[in-house]
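Notes to accompany the following structure.
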Amino acid sequence: MARAKMTNAEKAEVAGVREYLKALEQNTPRRGRKRTKEGIRKQLAAVDAQMANAAVTKRLGLVQQRLDLEAELEALSAVGTVNMEALEKAFVRHAASYGGRRGISYAAWREVGVSAATLKSAGIRRSA
């Protein structure tokens, strides 16, 4: 059985929900001390200093640590560039029809991090 192609409206719906949920996931507070760009840069400098005198296997681990720190620094820099307000507006516009068509419950939305206020704005209510 061939799968029906999504309409442009359905594509916009999926994109609006997906982008909002991805932004929520990336911007959720983490446990522990908050990482800063300065702290990551200090760690990068320490890794670079250790690299010169390290054995081959230790250097391999340090290279991976450096790559991880650079990726974390890039992700931390990108956090401030996300326009959550615009993503939330798109989510509110599309979430009810998206969730209704796919049978997504209020509890499921809440479990993935969508706030009760956002769900209320989207017209998604707790079922009895």
Looking at segment 16-122, I'd like the Rg to Rh ratio, where Rg is from alpha-carbon atoms and Rh is Kirkwood's inverse mean 1/r.
1.18
Could you give the length gained on full extension between Thr81 and Thr7, defined as 0.36 nm per residue of separation minus the Cα-Cα distance, in nm?
23.7 nm
What ³J(HN,Hα) values, in whole Hz, does the Karplus curve 6.51 cos²θ - 1.76 cosθ + 1.60 give for segment 22-27 when θ = phi - 60°, with x put for Gly and Pro?
5, 5, 4, 4, 6, 9
Once the Cα atoms of helix 84-102 and of the chain are each reduced to a long axis, what angle between those two axes, in degrees from 0 to 90 to the nearest 10, is obtained?
50 degrees
Could you work out how much longer the chain between Gln65 and Lys22 gets when fully extended? Use 0.36 nm per residue separation minus the Cα distance between them, nm to one decimal.
13.0 nm
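Only the coordinates and a few stated rules stand behind these numbers; no lab work does. Treat the numbers as computed from the prediction; the structure is a model and nothing was measured.
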